[in-house]
Amino acid sequence: MPQRVRFEDSPAELFRPYDSVGNRLTRTHGAATQTLTYTANSNRMATHDGQTISLDATGNTLGNPAENLSFTYGAHNRQLEAYVGAALKATFVYNGQGQRIKKIEATGAQRTFIYHYGPGGELLGETVYSSAGAKIGERDHLWLDSLPLTQSERTFSGGVVTGSDFVYVHADHDRCHATACNLGSRRDTDHATRVGRVCAGSGMRADRRFF
């Protein structure tokens, strides 16, 4: 079923038609359109903008040349490394339950993200450390059963809170579309977006991994 999402900071619409089994076929944002195809017997992505997606035998994405991305995986099919071109961008660590508990940036600010989970596997919080090991941020998530309700975030410098933000997260019954808003703004997001969208009026990102 086609889905249409409008971001409040842009007049452009994201229009995402899906096939009969839910595979996304195109993504249009402004004048740019991405086109995706899938193999009929497995629903694995086959091409992205006409370029072949590289998959391993298990179906993990090894390379997406359209975005210049590549990934490596461990013996349990957990993503261990992410590359842009030949440059390593991040490495990942998992616990015995397969939950990602750490992300380490290999370039840029080289921050380390530590993830905390509840007994049901829900993401409860994140702690961010600088390359020197100093705590520079944290994020908390509040849930109602399996639905995310709110997200709060704080930044630190020298052990002192330097900024904070709070947003309400609204998800539908399928948790496949959400609106994240603070007291003065709203930002529409959707489950196909890999990264969070910055809430208008703040630098806070609505985390996409729990949708």
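The values are calculated or read from the model by the stated rules, or taken from the named source; none is laboratory data. What you see is a predicted model; the values in this text were computed from it and never measured. Neighbour counts run over all protein chains shown; Cβ positions are idealised from the backbone, glycine included.
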Residue tally, condition loosely packed, with under 13 Cβ neighbours inside 10 Å, closer than 20 Å to SER54 by Cβ and touching a residue at least 12 places away in the same chain (Cβ under 8 Å), over the stretch 77-110: 3
What's the total number of residues in the stretch 87-125 that are more than 15 Å from GLY137 (Cβ to Cβ), touching a Phe, Trp or Tyr at 6+ places or on another chain (Cβ under 7 Å) and in a loop (DSSP other than H, G, I, E, B)? 2
Scan the stretch 61-86 for residues that are hydrophobic (A, V, I, L, M, F, W, C) and part of a loop (DSSP other than H, G, I, E, B) and report the count. 3
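Residues THR72, THR47, THR33: which one is among the β-branched types (Val, Ile, Thr) and at pLDDT below 95?
Values: THR72 fails: at pLDDT below 95; THR47 fails: at pLDDT below 95.
Criteria check complete, one pass: THR33.
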Considering only the stretch 14-43, state which residues are among the β-branched types (Val, Ile, Thr) and assigned to a loop (DSSP other than H, G, I, E, B). VAL21, THR39
If you go through the stretch 139-152 one residue at a time, do you hit one that is closer than 30 Å to GLN34 by Cβ, touching a strand residue (DSSP E or B) at 6+ places or on another chain (Cβ under 8 Å), polar (S, T, N, Q) and modelled with pLDDT of 90 or more? yes
Check off (1) over 30 Å from ASN23 (Cα atoms); (2) at pLDDT below 95; (3) in a strand (DSSP E or B) for THR162 and give me the number that stays unchecked. (2)
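Being β-branched (Val, Ile, Thr) and closer than 23 Å to SER70 by Cβ is the filter here, so list the residues in the stretch 25-57 that pass it. Write out each step before concluding.
The initial filter retains those residues of the stretch 25-57 that are β-branched (Val, Ile, Thr), namely 26, 28, 33, 35, 37, 39, 47, 52-53.
Across the stretch 25-57, the qualifying residues are THR35, THR37, THR39, THR47, THR52, ILE53.
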